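What follows is a single structure, written as structure tokens, with notes after it.
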Amino acid sequence: MPDRSFLDWPFFEQRHRDWADKLDAWCAKNLPVDHSDVDAACRDLVARLGEAGFLKPTALDTDNPGPLDVRTLCLTRETLARHDGLADFAFAMQGLGTGAISLFGTPEQQQWLDRTRAGKAISAFALSEPRSGSDVANMDMTATRDGDDYVLSGEKTWISNGGIADLYTVFARTGEAPGAKGISAFLVPADTPGLEVAERLDVIAPHPLARLSFNDVRVPASAMIGKPGEGFKIAMSVLDVFRSTVGAAALGFARRALDETLDRAGSRELFGAPLFELQMVQGHIAEMALDIDAAALLIYRAAWTKDMGAPRVTREAAMAKLFATDRAQQVIDKAVQIHGGDGVRRGHIVESLYREIRALRIYEGASDVQKVVIARQIK
Ligand SMILES: Cc1cc2nc3c(=O)[nH]c(=O)nc-3n(C[C@H](O)[C@H](O)[C@H](O)COP(=O)(O)OP(=O)(O)OC[C@H]3O[C@@H](n4cnc5c(N)ncnc54)[C@H](O)[C@@H]3O)c2cc1C
């Protein structure tokens, strides 16, 4: 039985507890899904999560505008990740892919949000490039003004939902200044001529992922999100909201690993007693529980601080993401160990968690980058 005691923490309001209960009940009925065709599975998950109303927190409600509720985003990712990593992915990308539009979009651009919140359109966030991953400000892709249009040329890689998205938030160099101050953001519908999937990428925990090529992709100037030269600032503002949610997904994976471990250690008999009675195993389990509670405190501190109106939570979000993802990796590794041979058996839940967690320490700022961010924030 998963630990729910954290929901009593003062970070939450009753609406958060009700939301978590409702979502958990839905997950128990509907998840996990079959992952053998990840494109089909993600399309189906987006549609079903949308139909059930669970994608609403991912983007601005244009009828009732207000800030995104980061506690709800985190609780949703944590809950979905505990049940099925692909469901968490489907939810997360609806938010990351439209974050710039929610925060900085024009009313016309925000018309997309009704569709993404209802699960009727899939979104993606296209920032990384082959030559500039962590070094985002060094991107090569250009957007050149041509009359009333911009023409986008270059490549993006590691784009989640690449190939199945209906719309992409794309960052490109418009050249107002060198480096970070010369980048702008654009809303690019997937069917815009010249936008092509150059390569599908296969990773250890498969989900739709692609390298995209932009061959003179022409969009109207009204496709720009925010102002010229504001793209880097926009990307960082979006990550400021969503970075702690990556920690929340890691927390969901870690909680599942602990639950599985408790079941296993209670039911497996070794040396005439349940595995749980071995003190070394108890030591591992205590460390797992401690890491999980500490990660949850950092995540919900970051989320609560943002929800209380802090303009930026760079330090809090970086700490939450760094700690939660690194420690979830260790928690899951202990779970694999305590499961013995079954822990590395393909298809076993802890084996899949072991694969699922790894990329979270790389994307949306690698762990090393988070350390640099934290150090600069506390200088
Ligand atoms: C599964 C997955 C999904 C992704 N989804 C998306 C997406 O939807 N949209 C998108 O735009 N991108 C996405 N990415 C890209 C991701 O954000 C990049 O992989 C990440 O930013 C790292 O860039 P890189 O892979 O080029 O590694 P590099 O930039 O080459 O970095 C390699 C390593 O160098 C170290 N390092 C880098 N910088 C520093 C530093 N300043 N100090 C110390 N060490 C450092 C880190 O250990 C880092 O892991 C995804 C990646 C993966 C793996």
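Only the coordinates and a few stated rules stand behind these numbers; no lab work does. Note that the structure is predicted; figures quoted are calculated from it, not measured. Quick reminder, even Gly has a Cβ in these numbers, built from the backbone with ideal geometry, and neighbours come from all protein chains shown.
Numbers for the structure displayed
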{"quantity": "From phi via Karplus (6.51, -1.76, 1.60), per-residue ³J(HN,Hα) for the range 140-148 in Hz, x at Gly/Pro", "calculated": "9, 4, 10, 10, 9, 5, 9, x, 8"}
{"quantity": "Dipole magnitude (debye, nearest 20) for the chain, charges at Cβ of Lys, Arg, Asp, Glu", "calculated": "760"}
{"quantity": "Equivalent-ellipsoid semi-axes of the range 168-219, from the Cα gyration tensor, Å, largest first", "calculated": "24, 15, 9"}
{"quantity": "Per principal axis, descending, Cα span of the range 2-44 in whole Å", "calculated": "41, 19, 15"}
{"quantity": "FRET efficiency, 1/(1 + (r/R0)^6) with R0 56 Å, evaluated for Ala375 and Glu51 via beta carbons", "calculated": "0.80"}
{"quantity": "Computed over the range 261-379, Cα set: Rg, Dmax in Å", "calculated": "17.3, 57"}
{"quantity": "Projected label distance in nm at Asp146 and Asp18, using a 7 Å step from Cα toward the beta-carbon", "calculated": "5.3"}
{"quantity": "Cα gyration tensor, the range 58-174 - rounded (a/c under 1.5), prolate or oblate", "calculated": "oblate"}
{"quantity": "Quarter of Cα convex hull surface for the range 124-218, i.e. mean projection, nm²", "calculated": "5.8"}
{"quantity": "Distant-in-sequence amide H partners of Tyr150 (H built 1.01 Å from N, under 5 Å)", "calculated": "Val219, Ala221"}
{"quantity": "Per-residue Cβ neighbour rank within 10 angstrom, fewest leading, Cys74, Cys42", "calculated": "Cys42, Cys74"}
{"quantity": "Relative contact order %, the range 224-379, counting alpha carbon pairs below 8 Å whose residues are six or more apart", "calculated": "29"}
{"quantity": "In sequence order, calculated HN-Hα J values of the range 293-310 (Karplus, 6.51, -1.76, 1.60; Hz; x Gly/Pro)", "calculated": "5, 5, 5, 4, 4, 5, 5, 6, 5, 4, 5, 4, 4, 5, 5, 7, x, 4"}
{"quantity": "C-alpha center-to-center spacing [the range 26-80, the range 274-318] in angstrom", "calculated": "23"}
{"quantity": "Whole-angstrom gap from the range 103-177 to the range 340-361, using each part's C-alpha centre", "calculated": "32"}
{"quantity": "The range 22-39 - phi-based ³J(HN,Hα) in whole Hz, Karplus 6.51/-1.76/1.60, Gly and Pro as x", "calculated": "5, 5, 4, 5, 5, 4, 4, 7, 10, 10, x, 9, 6, 9, 5, 10, 5, 4"}
{"quantity": "Distribution of pairwise C-alpha distances over the range 177-262, 10 Å bins, in %", "calculated": "14, 25, 36, 17, 7, 1"}
{"quantity": "Per residue Cα convex hull volume in Å³ - calculated over the range 2-134", "calculated": "140"}
{"quantity": "Bins of 20 Å, starting at 0 and running to the largest distance - Cα pair percent for the chain", "calculated": "29, 57, 13, 1"}
{"quantity": "Under the Debye formula (equal points on every Cα, no solvent term), log10 I(q)/I(0) of the range 108-155 at q = 0.15, 0.18, 0.19, 0.33 Å⁻¹", "calculated": "-0.64, -0.81, -0.84, -1.10"}
{"quantity": "Calculated FRET value between Asp3 and Thr106, using beta carbons and R₀ = 41 Å, to 0.05", "calculated": "0.40"}
